[in-house]
């Protein structure tokens, strides 16, 4: 139903964005933290009501059904998880968020026309899928379903470099004008490039997190969290949706600062945590 | 929307994001990360829009997977943060509060 005018939609998205800012602000102090989280949830409810009331949506029953299923999965999981296992649950939630952003960008590829939109699609597909698979590995490490010690195999760093180059090549195909690509015999490959980006990003996420030791994993979760935020912001650019842009950017920026602060509190550096194992230096495990 | 308007939103949001989390005590790092994690679950808005405009079965299936993943991120994120903060409050004052939160 499109019962809300574009003006009301934009206004209510602004209200939701303010709720998110107040949520992050509130979470910074013990006295206001719980209320802050509830304000954030209120913002999310407002945003969800607005999207259903402002957009002509097909498949409405299916969408509402899937949201109900997601809620039925998420609430008991969050309610029943042991206190000590909360960080890995947050990692999983972060992972599915990154995956969702990557899929949204993939599907919006065919509706994209501008250079900026293509760039945002390429960024979201790569970063979203890295956040997805990286978070799954952090979950497996914290849950001790795999060894928590840093894992580095022979040629590990070289494989990462090669995959990064392949990922950038896929991004280039997504971003470059179709006419130019057709001229060099690469026409009609944008969709395949985006799917390849999804695959490369997923493998990269695994390879980047494997060398991280168990004690450093929470910091990496925070880093991937910031990455998902930026991916969501970029998907806001793709969809021309200011709320996604603002909310994602807020999380990306605050998550980056938070990652640095967490590393500092543990007396470590973010680059040391990510790449320390390659230099033979120890990663606290 | 014009590119420059979007860039303006982006830059201003970066500064707000930096500003709101500076000077946070280290005990609140994990709940803050968890709360921020819940907020980016708002990608659900995007997933719903994409699913609502899907016109072939493959697109619809991929979009609904995105809707499912985003819902878990958004709903689970806020619920688990709330539980974390229950625990946080209990640790400082009354042990009873911590036990109560398990119910």
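Brief remarks follow.
- Number of residues in segment A:49-72 that are facing chain B (nearest Cβ under 7 Å) and within 18 Å of residue A:247 (Cα to Cα) equals 1.
Yes/no per residue for (1) within 12 Å of chain B (Cβ to nearest Cβ); (2) touching a residue at least 40 places away in the same chain (Cβ under 8 Å); (3) under 10 Å from the mean Cα position of the chain (by Cα); (4) under 22 Å from residue B:57 (Cα atoms):
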{"residue": "A:90", "(1), (2), (3), (4)": "yes, yes, no, no"}
{"residue": "A:95", "(1), (2), (3), (4)": "yes, yes, yes, no"}
{"residue": "A:99", "(1), (2), (3), (4)": "yes, no, yes, yes"}
{"residue": "A:105", "(1), (2), (3), (4)": "yes, yes, no, yes"}
{"residue": "A:117", "(1), (2), (3), (4)": "yes, yes, no, no"}
{"residue": "A:133", "(1), (2), (3), (4)": "no, yes, no, no"}
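- Tally, over segment A:159-190, of residues that are loosely packed, with under 13 Cβ neighbours inside 10 Å and either within 21 Å of the chain's Cα centre (by Cα) or within 30 Å of residue A:214 (Cα to Cα) (or both): 3
- Scanning segment A:109-122 for residues that are surrounded by fewer than 24 Cβ atoms within 10 Å (Cβ to Cβ) and touching a helix residue (DSSP H, G or I) at 6+ places or on another chain (Cβ under 6 Å) yields A:109, A:112, A:116, A:117, A:118, A:119.
- Matching option when the condition is more than 24 Å from residue A:115 (Cα to Cα) and either at pLDDT 95 or above or within 12 Å of chain B (Cβ to nearest Cβ) (or both), among A:203, A:246: A:203
- Breaking point among (1) touching a residue at least 24 places away in the same chain (Cβ under 8 Å); (2) closer than 30 Å to residue A:189 by Cα, for residue A:10: (2)
- Answer from A:77, A:2 - the residue that is touching a helix residue (DSSP H, G or I) at 6+ places or on another chain (Cβ under 7 Å), touching a residue at least 12 places away in the same chain (Cβ under 8 Å) and under 14 Å from residue B:84 (Cα atoms): A:77
- Number of the condition not met by residue A:57 [criteria: (1) surrounded by 14 or more Cβ atoms within 10 Å (Cβ to Cβ); (2) in a helix (DSSP H, G or I); (3) without any contact (Cβ under 8 Å) to a residue 60 or more places away in the chain]: (2)
- In segment B:60-86, the residues that are more than 7 Å from chain A (Cβ to nearest Cβ) form Cβ pairs under 9 Å with partners that are assigned to a helix (DSSP H, G or I) and surrounded by fewer than 23 Cβ atoms within 10 Å (Cβ to Cβ), at six or more places apart or across chains, as follows: B:86/A:34; B:86/B:97; B:86/B:98; B:86/B:100.
- Residue in segment B:6-16 that is within 25 Å of residue A:75 (Cβ to Cβ) and in a helix (DSSP H, G or I) present: no
- Scanning segment A:135-158 for residues that are within 30 Å of residue A:189 (Cα to Cα) and under 23 Å from the mean Cα position of the chain (by Cα) turns up A:135, A:136.
- Screening segment A:73-88 for residues that are assigned to a helix (DSSP H, G or I) and more than 7 Å from chain B (Cβ to nearest Cβ) and picking the one that is nearest to residue B:55 (Cα to Cα) gives A:76.
- Within segment A:245-262, residues that are buried (at least 24 other Cβ atoms within 10 Å of the Cβ) sit with their Cβ atoms under 8 Å from residues that are outside any helix (DSSP H, G or I), at 6+ positions apart or across chains, in these pairs: A:254/B:21; A:258/B:21; A:258/B:24.
- If the condition is being surrounded by fewer than 18 Cβ atoms within 10 Å (Cβ to Cβ) and either in contact (Cβ under 8 Å) with a residue 60 or more places away in the chain or part of a helix (DSSP H, G or I) (or both), then segment A:27-45 contributes A:35, A:38, A:42, A:45.
- Residue in segment B:17-27 that is part of a helix (DSSP H, G or I) and touching a residue at least 40 places away in the same chain (Cβ under 8 Å) present: yes
- Which numbered condition residue A:270 fails, given (1) surrounded by fewer than 23 Cβ atoms within 10 Å (Cβ to Cβ); (2) under 20 Å from residue A:96 (Cβ atoms): (2)
- Residue check for residue A:237: free of Cβ contacts under 8 Å to residues at least 24 places away in the same chain and over 25 Å from residue A:87 (Cβ atoms): no
The values are calculated or read from the model by the stated rules, or taken from the named source; none is laboratory data. On a predicted model such as this, the values are computed, not experimentally measured, just so you know. We place every Cβ from the backbone using ideal geometry, glycine too, and count neighbours over all the protein chains shown.
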